[in-house]
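Engineer: First the structure, then my questions, so here it is.
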Amino acid sequence: MTRKLDLRTGRPVWYAYRAPSVPAGRLTRDIKTDVAIIGMGISGALIAEALVDAGHAVVCIDRRGPLLGSTAATTALVQFEIDQPLSKLSHLIGRERAERAWRRSRLAVMNLRARIGELGIRCNIESRSSLYLAGDVLDAPALRDEAEARRLAGIHATYLSTSEVQDQSGIRRQGAIISHDNLALDPRKLTAGLLRKALERKARFYAPVEAVSVKAGREEAVVTTADGPTITADHVVLATGYELVADLIPATDHKIISTWAIATKPQKQALWPGKHLIWEASDPYLYLRATVDGRVICGGEDEDFTDEVRRDALIAEKSDRISAKLKRLFPRLDTKPAFAWAGSFGTTPTGLPYIGTVPGHPRIHAAMGYGGNGITYSRIAAEIVSAAISGHRDADTDLFAFPR
């Protein structure tokens, strides 16, 4: 049903920290449920928790197991700032829709933080400001325009001059935008916490279980698994992340690209003032953050190809490049990689994901094309999909809907 990808290689930094275990059973017989979710990464976890909270019976399956896909490869800069600048997105989809997308993204981060607090999930969550540095996509004057576009949309943003950037972060750059109320967290701990909360509400987990087909009729949908047992459900959710290349999904401009990341040893005394999330208005852009124990996670060097063998062969070279770029930003840091990894992720030209009911299949829902805003968009997916299955219409469904 899906194109199988080796989603990540190397050792992501998150394996330095213990995440709670998530028990999953063996699927040995045909079963029935309200909603079947295929995928047990961050998207599947957020959607499962939202659905059980809404009163639905939920079954989750994954061909690997909980937390074993691309979730561990994320650098977990949980930002409301979309990859596509607001000033540029307005030219692509219109100002009104672009402003709605940015406001919804900001709301999603706020809702995610609130839900983590309500559930009491321990995932090293911290509120962080974000520093968006001038680059080859937006230079200093263009960043001023971007900050104004955000202000007019009701999204607070402050433009910083060269000297202000230096004072606030120690970075030498021609300009930057500083934004507030973004998040840094441990994605494995968050995913495990969400799944365990869903288990407490009687969700059922089975893994490893591979779905080989989904057939939807007027009254129900049936998921057939590789070993034979079927799952009959009122609705099916495809939360297979970057492996989602199914015959069910209409043609989109979604594509898979490769990325690389490193993490340093802990060095709290060498971190920059404010520990901002930092990223560049460049293509490809460098992005970085600090962990609770003082490591620096830095990623970038994205390339437009999906060959996993080629991607993995570049880990050493890309790690050296990322380390050198990080050193130029912060000469005091020890930028030698303690961890290095590669991954694949989906993107779209607008920077917006595809989320919602699959055209022609009202009982099948999917999410794909998260780009650099994976966890933020996963929260939006949980809200939109949960509303649809509960018989409601999310006000922003049209922004993320699949083409028809």
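Engineer: Applying the selection to region 273-298, what residues are under 22 Å from L143 (Cα atoms) and open to solvent by less than 50 Å² (accessible area, probe 1.4 Å)?
Structural biologist: H276, L277, I278, W279, E280, A281, S282, Y285, L286, Y287, L288, R289
Engineer: Restricting attention to region 96-121, which residues are of a type in the set (D, E, K, R), in contact with a Leu (Cβ under 9 Å, 6 or more places away or on another chain) and more than 17 Å from R289 (Cβ to Cβ)?
Structural biologist: Kept after step one, since they are of a type in the set (D, E, K, R), are these residues of region 96-121: 96-97, 99-100, 103-104, 106, 113, 115, 118.
Checking which are in contact with a Leu (Cβ under 9 Å, 6 or more places away or on another chain) leaves us with 97, 99-100, 104, 113, 115.
Listed by number, the residues that qualify are R97, E99, R100, R104, R115.
Engineer: Which of the residues that make up region 32-48 are within 15 Å of K202 (Cβ to Cβ) and open to solvent by 10 Å² or more (accessible area, probe 1.4 Å)?
Structural biologist: K32, T33, D34
Engineer: Please enumerate the residues belonging to region 352-369 that are assigned to a loop (DSSP other than H, G, I, E, B) and surrounded by 24 or more Cβ atoms within 10 Å (Cβ to Cβ).
Structural biologist: If the condition is that a residue be assigned to a loop (DSSP other than H, G, I, E, B) and surrounded by 24 or more Cβ atoms within 10 Å (Cβ to Cβ), then L352, P353, G369 are the ones that fit.
Engineer: If you go through region 95-129 one residue at a time, how many are touching a Phe, Trp or Tyr at 6+ places or on another chain (Cβ under 6 Å) and open to solvent by less than 30 Å² (accessible area, probe 1.4 Å)?
Structural biologist: 2
Engineer: Taking the conditions exactly as written (in a helix (DSSP H, G or I), in contact with a strand residue (DSSP E or B) (Cβ under 6 Å, 6 or more places away or on another chain) and not aromatic (F, W, Y)), does A147 satisfy them or not?
Structural biologist: Working: in a helix (DSSP H, G or I): yes; in contact with a strand residue (DSSP E or B) (Cβ under 6 Å, 6 or more places away or on another chain): yes; not aromatic (F, W, Y): yes.
The answer is yes for A147.
Engineer: Of the conditions (1) outside the structural domain of V13 (by the TED database); (2) in a strand (DSSP E or B); (3) open to solvent by 40 Å² or more (accessible area, probe 1.4 Å), T224 clears all except one; give me its number.
Structural biologist: Of (1) outside the structural domain of V13 (by the TED database); (2) in a strand (DSSP E or B); (3) open to solvent by 40 Å² or more (accessible area, probe 1.4 Å), only one is false for T224: (1).
Engineer: Among the residues of region 49-58, write down those that are in contact with a strand residue (DSSP E or B) (Cβ under 9 Å, 6 or more places away or on another chain), surrounded by fewer than 24 Cβ atoms within 10 Å (Cβ to Cβ) and assigned to a helix (DSSP H, G or I).
Structural biologist: Within region 49-58, V52 is the sole residue that qualifies.
Engineer: Limited to region 227-264, what total is found for residues that are over 30 Å from D312 (Cβ atoms), open to solvent by 20 Å² or more (accessible area, probe 1.4 Å) and at pLDDT 90 or above?
Structural biologist: The total comes to 5.
Engineer: Quick one: how many residues across region 336-349 are farther than 20 Å from V78 by Cβ and surrounded by fewer than 21 Cβ atoms within 10 Å (Cβ to Cβ)?
Structural biologist: Count: 3.
Engineer: Tell me, yes or no, whether region 306-328 has at least one residue that is within 19 Å of the chain's Cα centre (by Cα), modelled with pLDDT under 85 and either open to solvent by less than 40 Å² (accessible area, probe 1.4 Å) or not charged (D, E, K, R) (or both).
Structural biologist: There is at least one residue in region 306-328 that is within 19 Å of the chain's Cα centre (by Cα), modelled with pLDDT under 85 and either open to solvent by less than 40 Å² (accessible area, probe 1.4 Å) or not charged (D, E, K, R) (or both).
The values are calculated or read from the model by the stated rules, or taken from the named source; none is laboratory data. Note that this is a predicted model, so its numbers are computed, not measured. As a convention, Cβ positions derive from the backbone with ideal geometry for all residues, glycine included, and neighbour counts pool all protein chains shown. Only protein heavy atoms, including side chains, enter the accessible area calculation; ligands, DNA and RNA are left aside. Shrake-Rupley method; radii C 1.70, N 1.55, O 1.52, S 1.80 Å.
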